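A.B. asks: The structure that follows is given in the form of C-alpha cells.
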Amino acid sequence: MALRSLRFPSICFLALGLLNVSLLPNGLRAANAPIVTADETPVYVAKVNFDEFRKTTIGEKLMSLVEAMAKEELGGEGDAVQKITEGLGFNPMEELQSVTVMADSRYLPDESLKVVVGLGKTTGNLEGLALTLPGYDSEEIGEHTIHSAYLDGQRAFATIRESGGNKQVVAAMSRSNLMDLLDDKGGKAPALPNGESTLLQIHASDLPPQLKEEFGENQPLNTAIKLISSFMVVVTADDDSFGVTVRLNATSEKKADQIKQLAQGARALLSLMEDELKQDKDFMAVKSILDEVKFGHEGKTFSASVDVPEQFIMKFLKEEAGLPL
C-alpha cells in the first residue's frame, strides 16, 4: 500500500511537470494573456481551460470518474482525493487551471514540445516529488531551478515560476527550449479568441507531413488537405451545449470556396442517404447536428460552426468510448 501511495503522486508530478500523462497550460492568471511574447509563432498550439471544463456536466462526471480511477490505483482504500492531496500538497482537481502545449517543428514535434501548466497559488510538494523521478538532476540558472529527469529514454526539463500571483510549471524536451520559454523567446501563441466559456483552442500554422501522407496521393481527402495552409478549432461551453467552430485557411480565395463547396456537397450526400438509413438512430442523430452547421467563406478563410448538445457527447462517451459516466 505504501509503495502504491508513493507511486501515484510521482506519476502526477511527471504528468504535470514533465509531459508524461496528459501534457497539461496556462492558468488562472492568464486566460486572456499570451504565454510568451516573441514574434515567432509556433507551428502548433493547443490550450485547454480545465477551470471552465469542470463547470460543465460532462466535466463534473469526468472528474468523478478520475477520482474513482485514483481510488482504484490506491487500492480502493479511503478517500483517494484526500490521499492525493496529501501527497502532492494540493488538490489537482481544484488547482489545475489550464494547459498550453506548443511545438515549433512540423517534422519532429516531440523534440520541440513545450508546455506551460497553470496552477493556483501553490505547487505543493512537486519539487520534492521530483527527486523520485528516474535520472533526476537539477541546476540553478539565474533565478530558476531547472529540474530534469528521463522520459521514455530522453531527458526532459521543467521549472516552476510565478506569474500574476499564481504558479506555472514550464516544461520542454530540451534545456534550450525551456530557457527560450523563460526568456520569452519560445514563440508566441497566436491571437486566439478568448472568453470565459472557452474550453479548448487548437491552432496549426501548417499541417504535419505525416497527415498529408496518410491518405495517399490519389485519395480525395488528401486532395482536400492540400488545399489547407492552416487551421484553428475553438470549443466553447454554453448552458447544455458545446459550440464548435473550425476555421480553415486555404492557399487562395478560390481554394477556400472549393472547400466550402466540398463541405456543402458532403452534407447534401448525407441527405440522399437518409431514406436508406432513417432507421439508424446514430446516423440520424449525427445528421441532425450536421444539418445545423453554418458554413462561411471570406477571402482565403472557410469556417464551419455548430452547437453540439451535451447529451449527444455524453451518449458518445458512454457507448463508443465505453466510459462509465
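A.B. asks: Can you list the aspartates and glutamates whose alpha carbon sits under 13 Å from that of K83, skipping same-chain ones fewer than 8 residues off?
C.D. replies: By straight Cα distance, K83 reaches E67, E72, E73.
A.B. asks: My understanding is that a pair violates if its Cα-Cα distance is over 19 Å; which of K61/K281; K55/K281; K47/K114; K71/K114; K278/K318 do that in this structure?
C.D. replies: Going by Cα-Cα distance, K61/K281; K55/K281; K71/K114; K278/K318 fall outside the 19 Å limit.
A.B. asks: Quickly rank 262-268, 249-255 as a protection proxy: mean count of other C-beta atoms within 10 Å, highest first.
C.D. replies: Numbers: 262-268: 12.9, 249-255: 15.7.
My ranking of the peptides, most packed first, is 249-255, 262-268.
A.B. asks: R155 to N222: extension gain in nm, 0.36 nm per residue of separation minus the Cα-Cα distance?
C.D. replies: On the way: separation 67, 0.36 × 67 = 24.12 nm, distance 3.58 nm.
Extending this stretch completely gives an extra 20.5 nm.
A.B. asks: Ordered by residue, what ³J(HN,Hα) values in Hz, to whole numbers, does segment 257-270 give under the Karplus form 6.51 cos²θ - 1.76 cosθ + 1.60, where θ = phi - 60° and Gly and Pro are x?
C.D. replies: Listing the rounded values in order: 5, 4, 4, 4, 4, 4, 5, 5, x, 5, 5, 5, 5, 4 Hz.
A.B. asks: Which order do the peptides 93-99, 140-146, 171-177 take when ranked by the mean count of other beta-carbon atoms within 10 Å per residue, highest first? Could the numbers behind the result be given before it?
C.D. replies: Numbers: 93-99: 22.0, 140-146: 12.1, 171-177: 20.0.
The most tightly packed comes first, giving 93-99, 171-177, 140-146.
Every read-out reported here was derived from the displayed coordinates using simple, explicitly stated rules and does not represent laboratory data. Remember, it's a predicted structure, so these values are computed and weren't measured experimentally. Here the Cβ is made from the backbone with ideal geometry for all residues, glycine too, and neighbour counts use every protein chain on show.
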